[in-house]
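Presented below is the structure to which this report refers.
We did not get these values from a lab; they are worked out from the coordinates using the rules stated. Remember, it's a predicted structure, so these values are computed and weren't measured experimentally. Every residue, glycine among them, receives a Cβ derived from its backbone with ideal geometry; neighbour counts consider all protein chains shown.
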Amino acid sequence: MYGAEYLSLEDLLDQDPSAYEFFQTLSPEAKTLLEEEDGVTSFARLQSKAAQMRRAGLME
């Protein structure tokens, strides 16, 4: 369901160029929130968490 799983967000960003590029488009505040979040271990989860943050008004 979530595609390739990695050990951590850092590992995901190091290993998945698409995830890295997506992460770089986010605001510094969003990046910080995601870095503090547990369980962001796939590109799909990263996209899902970013969408949740947008809906909650935590980022533009």
Discussion item. Just to be sure I understand, if you calculate mean projected area of the Cα convex hull in nm² for this structure, which of (i) 3.7; (ii) 10.9; (iii) 5.1 do you get?
Written reply: (i)
Worksheet item: Which value in nm describes the separation of the simple spin-label points at residue 22 and residue 8, placed 7 Å from the Cα toward the beta carbon?
Response: 2.0 nm
Worksheet, complete the sentence: Among 7, 18, 48, the residue whose Cα sits farthest towards the positive end of the charge dipole of the chain, when +1 is placed on the Cβ of each Lys and Arg and -1 on the Cβ of each Asp and Glu, is 48
Discussion item. With θ taken as phi - 60° and the coefficients 6.51, -1.76 and 1.60, list the Karplus ³J(HN,Hα) couplings across segment 52-58 in order, rounded to whole Hz; mark glycine and proline as x.
Written reply: 4, 5, 4, 4, 7, x, 8
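Placing +1 at every Lys and Arg Cβ and -1 at every Asp and Glu Cβ, with all other atoms neutral, what dipole size does the chain have around its Cα centre, in debye to the nearest 20?
Numbers: 5 positive and 12 negative charges, 74 e Å.
It works out to roughly 360 debye.
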